[in-house]
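K.L.:
Below you will find the structure I want to go over with you.
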Amino acid sequence: MSAPPPDRQMQMRLDALSAGLREGGVFVLHQDFDHRFDLVENPPALWPQRVMLGRVEADVLPAEIAAAFADAVERCRQGQEGTITFELGDGLRRRHFEAHMLPDETGVTTIVTDTTEERARDIAVASLLREVSHRSKNLLAIVQSVAMQTAHHSDNIKDFLDRFRGRLHALSSTQDLVTESNWRGTYLQSLIASQLIRVGPSVLANVRVTGENPLLGPNASLHIGLAIHELGANAILHGALANGDPGQVWIDAKVVNEPGQPADLVIEWQETGIDAERIRHEPHFGMLVLERIVPLSVGGTADFNIEADSVRYRLVVPSDQFET
């Protein structure tokens, strides 16, 4: 097969270059020394005036953009490469462009790039970094609070380290679930399973989970996860799961709708088959975490009761902390 004629080869190269420019969102302009366009390659569909040859900036661009464009071209003619940015309407959207001017022997070549998507990515990354910073500060505040309260209710360093390590692992486990969901949160039953497996792999055999499985927001996930950890750890140490013939744990969740009120999520933990007297005299039962820290952090309420043969914990979570 013979090679195409030179003119055909040149045209093929130009077509390939034009296709590459289109794919890259780039178009090329050239203006003579009188600012008239004598080359227009790959103008975008939204460009105000697509018939540009022989015209100047004011003929084809909105007045404010045309003035900035012409000023940059004039500076470029004097040997100063320049770049300007501007926006053009695209229906209800705005598209962003960057124009880079280069002087040459016959005028000025301008390379215009559509930077809309790049700008959107930059905004998204900046927003994500702000969100990560905000959530990191919240998590650090939670860790600080847990550390202080654990220290206040610990008898010695070993006691503090054991309890603080467990609570820190509980927060870490929940944070992993929240991160995997792109910061949406985590489902309640996944959170329960994750926390209870950490405190004891055999625990789930004696735990029954029923009711709703809402998606908890990130804040609710962290604090409810901490409450589940606290309840599970205490059940193993001196509650229903503390001996060779363990009792039972029942966790139930329901969404309650009162007339004229937003829906609440009610989470109930019940242990049966316990030594109530031992629990009452146990000085480290995490009352503060369960009755104050967790409900205050989610904007809800909590009740904790030790009865003759059972332990009951009831946490009410307001509607802004979960999705059904």
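K.L.:
How many angstrom lie between the Cα centre of region 153-173 and the Cα centre of region 55-100?
P.N.:
62
K.L.:
Then there is this: Against the longest alpha carbon principal axis of the chain, how many degrees, from 0 to 90 and to the nearest 10, is the axis of helix 6-23 turned?
P.N.:
30
K.L.:
While we're on this one: Can you tell me which of 152-160, 316-324 comes out highest on packing, and rank the rest after it, using the mean Cβ neighbours within 10 Å?
P.N.:
Highest-to-lowest ranking by the protection proxy: 316-324, 152-160.
K.L.:
With n ≥ 4 as the cut-off for DSSP H runs, can you work out [θ] at 222 nm for the chain, using -39500 (n - 2.57) per run divided by the number of residues, rounded to the nearest 500?
P.N.:
Roughly -14500 deg cm²/dmol at 222 nm, from the helical runs in the chain.
K.L.:
In a shell of Cβ-Cβ distance under 14 Å around Arg36, excluding Arg36 itself, what net charge do Lys and Arg (+1) and Asp and Glu (-1) give?
P.N.:
That works out to -4.
K.L.:
Let me ask something else. How far is helix 218-238 tilted, in degrees, relative to the longest principal axis of the Cα atoms in the chain, given as a value from 0 to 90 rounded to the nearest 10?
P.N.:
30
K.L.:
Can you tally the net charge around Tyr187? Count Lys and Arg as +1, Asp and Glu as -1, for every other residue whose Cβ sits under 12 Å from the Cβ of Tyr187.
P.N.:
-2
K.L.:
When N is the residue count of the chain, what does its C-alpha Rg come to as a fraction of 2.2 N^0.38 Å?
P.N.:
Rounded to two decimals, the normalised Rg is 1.68.
K.L.:
Please report the net charge: other residues with Cβ closer than 13 Å to the Cβ of Pro318, K and R +1, D and E -1.
P.N.:
-4
K.L.:
If you take every DSSP beta bridge whose two residues both sit in the chain, what share of them, in percent to the nearest 5, is antiparallel?
P.N.:
90
K.L.:
Sort 304-313, 67-76 by the packing proxy (mean of other Cβ within 10 Å over each peptide's residues), most packed first.
P.N.:
So the order, starting with the most tightly packed, is 67-76, 304-313.
K.L.:
Give me the angle, in degrees from 0 to 90, between the Cα long axis of helix 188-199 and the longest principal axis of the Cα atoms of the chain, rounded to the nearest 10.
P.N.:
It works out to around 60 degrees.
K.L.:
Right, here's the next one. Along its three principal axes, how long is region 135-270 when you only count alpha carbons? Whole Å, largest extent first please.
P.N.:
49, 42, 28
Each value in this text was obtained by applying a stated rule to the coordinates, not by laboratory testing. All of these numbers come straight from a predicted model, not from anything done at the bench. Glycine also receives a Cβ, built like all others from the backbone with ideal geometry; neighbour counts cover every protein chain displayed.
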